[in-house]
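Accompanying notes for the structure given below.
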Amino acid sequence: MKVVIFAGGLGTRISEETDVRPKPMVEIGGKPILWHIMKIYSRYGFNDFIICLGYKGYVIKEYFINYFWHNTDITIDLQQNKVDIHNVNSEPFKVTLVDTGINTKTAGRLKAVEKYIGNEDFMLTYGDGVCNTDISKLVAFHKSHGKIATVTTVQLEARFGGMDVKDNGDVLFFREKAKDESKWINAGFFVLKPQVFDYLEKDVTNVMWEDEPLEKLTEDKQLMAYKHYGFWKCMDALRDKIELEELWLNNQAKWKIW
């Protein structure tokens, strides 16, 4: 099963890092977050990736073109123009890199890679979010219900504490940064049937995947939610990057399941 990853956005909310590289190439622990995402899938045997490029896509192309050399011990004989390869520390990834347009929105990016997917189920996620969900169980859930689309969903983390307050100021209830148990949000990590492209038949260059396509799938009762109760984190802003980096450096990176 192929894995499609959105990696073409401008990353404007983390511009401190994305002036010189696309957001999926922002590093956590010395490796791009894109690499971390791919390692999560690889842990469950999914190594065939299709990357939707856009903003500064050449940076991602150059990274994978040079990946083998950067992760290999070599001896270079300059006089003989010869390279001997020694220890190889690469990955079993097969990576298809597709230019989907700098300003194309997510539905348009997905449609642009349809020809590389074929008539088979596939997975889709965003190039800025990591989690420790069991991908094999996610796929099994998708196959069990027979509908077109499955989205992984998590409970929203509150950024601030909440409380109930009487009119006179008495605090009846206080809860510090709890999960909002009434709200489930889109965490990416989709599993999709090829029939999803029936929802992308018109010009969707300026359409967000999260808008009309997912709304229409919901209306047609073709979208199911896989509830994930474990770790999930989106690198939306610089504070998220810093938090992920601290987790990695302190050996608390729950998404590191490989």
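Please treat every number below as a calculation from the coordinates, not as lab data. What you are looking at is a predicted structure, and each value in this text was computed from that prediction instead of being measured.
To one decimal place, what orientation-averaged projected area in nm² is obtained for the convex hull of the Cα set of region 183-232? Walk me through the numbers on the way to the answer.
Working: hull surface 17.3 nm².
Orientation-averaged projected area of the Cα hull: 4.3 nm².
Beyond 17 Å, what share of the Cα-Cα pairs of region 20-159 is found? Please give it as a whole percent.
Working: 6739 of 9730 pairs.
Pairs farther apart than 17 Å: 69 percent.
Which entries in 31/143; 31/56; 147/256; 105/143 show an alpha-carbon gap greater than 23 Å? Working shown, then result.
Working: 31/143 33 Å; 31/56 17 Å; 147/256 30 Å; 105/143 28 Å.
Among 31/143; 31/56; 147/256; 105/143, the Cα-Cα distance tops 23 Å for 31/143; 147/256; 105/143.
I'd like the distance between the alpha-carbon centres of region 190-258 and region 80-148, rounded to an integer number of Å.
Spelled out, the Cα-based centre of one part sits 13 Å from the other.
Could you estimate the translational diffusion coefficient of region 109-157 from the Stokes-Einstein equation, with Rh from the Kirkwood formula over C-alpha pairs, at 10 °C and 1.306 mPa s, in whole µm²/s?
After rounding, the answer is 123 µm²/s.
Cα convex hull of the chain: how many Å³ per residue?
173 Å³
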